[in-house]
Amino acid sequence: ETGVTQTPRHLVMGMTNKKSLKCEQHLGHNAMYWYKQSAKKPLELMFVYNFKEQTENNSVPSRFSPECPNSSHLFLHLHTLQPEDSALYLCASSLSTDTQYFGPGTRLTVL
Amino acid sequence: GENVEQHPSTLSVQEGDSAVIKCTYSDSASNYFPWYKQELGKGPQLIIDIRSNVGEKKDQRIAVTLNKTAKHFSLHITETQPEDSAVYFCAASNNAGANNLFFGTGTRLTVIP
């Protein structure tokens, strides 16, 4: 256990559905991250939050909408996704610019 | 931006042998280089990291070396065991601003008993 939890662990959704991924960290960190992991590609950083403020948005389509209500919780709201969005979505947290600790991920399948 | 390349993509070794995974990076400002191990069904877990002010770091059977001039760093696992089988990722960061980590594409290590 790294102290970063993600729910759900698996999600299957249609292209017209709306769903949300949740991440929670119990490490007292101030920074949280969303990454997308696809087969045979490097982990892609999607969003970064530092003290609840979004500091990075790496050209992610608007069908992905992050929310960070506090330094311990991070959400990724999903709507009208495409099949190519199927991937493992990983959440991570860190204390400022120190080591990032990852959650187990949510395996998303878009039909 | 930073570009990290990792080789090989797959590696099979006999139990007890050593395994070496190599990465190169492009941004000379990068100063932090972590290595992550990802087992099936889990997220990446940090196993060792190195900062640019040292050339080598060791933790039991795992060691990492860094050559800043050549912009490459390597992971060395000695006396491999079946539980070392996993996907290993290198990453690079300049530890500035949002702490953006740039990852390699991963190496699937299989240790054959």
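The values are calculated or read from the model by the stated rules, or taken from the named source; none is laboratory data. This one's a predicted model, so the numbers in the text were calculated from it and none came from an experiment. Cβ: placed from backbone, ideal geometry, glycine included. Neighbour counts: every protein chain shown. SASA here: full protein model, heavy atoms, side chains in, ligands and nucleic acids out. Shrake-Rupley method; radii C 1.70, N 1.55, O 1.52, S 1.80 Å.
Kindly flag which residue pairs out of B:Lys42/B:Lys68; A:Lys22/B:Lys58; A:Lys41/B:Lys37; A:Lys40/B:Lys58 have an alpha-carbon separation exceeding 27 Å in this structure.
Details: B:Lys42/B:Lys68 31 Å; A:Lys22/B:Lys58 36 Å; A:Lys41/B:Lys37 16 Å; A:Lys40/B:Lys58 29 Å.
In this structure, B:Lys42/B:Lys68; A:Lys22/B:Lys58; A:Lys40/B:Lys58 lie more than 27 Å apart at Cα.
So if the hydrodynamic radius of segment A:29-111 is defined as the Kirkwood radius over C-alpha pairs, what does Stokes-Einstein give as its diffusion coefficient at 37 °C and 0.692 mPa s, in µm² per second? Write out the running numbers ahead of the final one.
On the way: Rh = 13.1 Å.
Once the numbers are plugged in, D ends up at 251 µm²/s.
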> Which of A:Leu11, A:Tyr49, A:Asn30 sits closest to the plus end of the dipole of chain A, meaning its Cα is farthest towards the positive end, when Lys and Arg get +1 and Asp and Glu get -1 on the C-beta?
Replying inline: A:Leu11
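Roll a 1.4 Å probe over the protein chains and send me the accessible area per residue for chain B in Å².
Working: 5400 Å² over 113 residues.
Computed with neighbouring chains in place, this is 48 Å² per residue.
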> Ignoring any ligand, DNA or RNA, what whole percent of the accessible area of the protein assembly as shown comes from carbon and sulfur when the probe is 1.4 angstrom?
Replying inline: 49 percent
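Quick check: residue separation of A:Glu84 and A:Ala39 times 0.36 nm, minus the Cα distance between them. What number comes out in nm? Intermediate results must be reported in sequence, preceding the final value.
Details: separation 45, 0.36 × 45 = 16.20 nm, distance 1.14 nm.
Value of the extension gain: 15.1 nm.
For a quick check of your reading of the filter: which trypsin sites (Lys or Arg not before Pro) in segment B:32-113 sit in a DSSP loop and have no more than 16 other Cβ atoms within 10 Å? Mind dumping the intermediate values first?
Working: sites: B:Lys37, B:Lys42, B:Arg51, B:Lys57, B:Lys58, B:Arg61, B:Lys68, B:Lys71, B:Arg108; in loops: B:Lys42, B:Arg61, B:Lys68, B:Lys71.
Qualifying residues, ordered by number: B:Lys42, B:Arg61, B:Lys68, B:Lys71.
Kindly identify chain B as rounded, prolate or oblate by the Cα gyration tensor criterion: order the square roots of the eigenvalues as a ≥ b ≥ c, call it rounded if a/c is under 1.5, otherwise compare a/b with b/c, prolate if a/b is larger, else oblate.
Working: a/c = 1.98, a/b = 1.64, b/c = 1.21.
Judged from the Cα gyration tensor, chain B comes out prolate (a/c at least 1.5, a/b above b/c).
To the nearest 100 Å², how much accessible surface do chains A and B cover up together, summed over both, with a 1.4 Å probe?
Working: alone 6020 and 6220 Å², together 10650 Å².
Buried area (both sides, nearest 100 Å²): 1600 Å².
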> Name the trypsin sites (Lys or Arg not before Pro) in segment A:30-111 that are in a loop by DSSP and that have at most 16 other C-beta atoms within 10 Å, would you?
Replying inline: A:Lys40, A:Lys52, A:Arg63
> So, how do all the Cα-to-Cα distances of the protein assembly as shown break down into 5 Å bins, in percent, from 0 on up?
Replying inline: 1, 7, 15, 18, 19, 17, 12, 7, 4, 1, 0
>> Sort A:20-32, A:78-90 by packing, meaning the average of other beta carbons within 10 Å per residue, with the highest value first.
In response: A:20-32, A:78-90
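Return the equivalent ellipsoid semi-axes of segment A:1-44 as a descending list in whole Å, where each equals the square root of 5 times an eigenvalue of the C-alpha gyration tensor. It would help to have the intermediate numbers written out before the result.
Working: eigenvalues 100, 51, 20 Å².
Ellipsoid half-lengths, sorted descending, are 22, 16, 10 Å.
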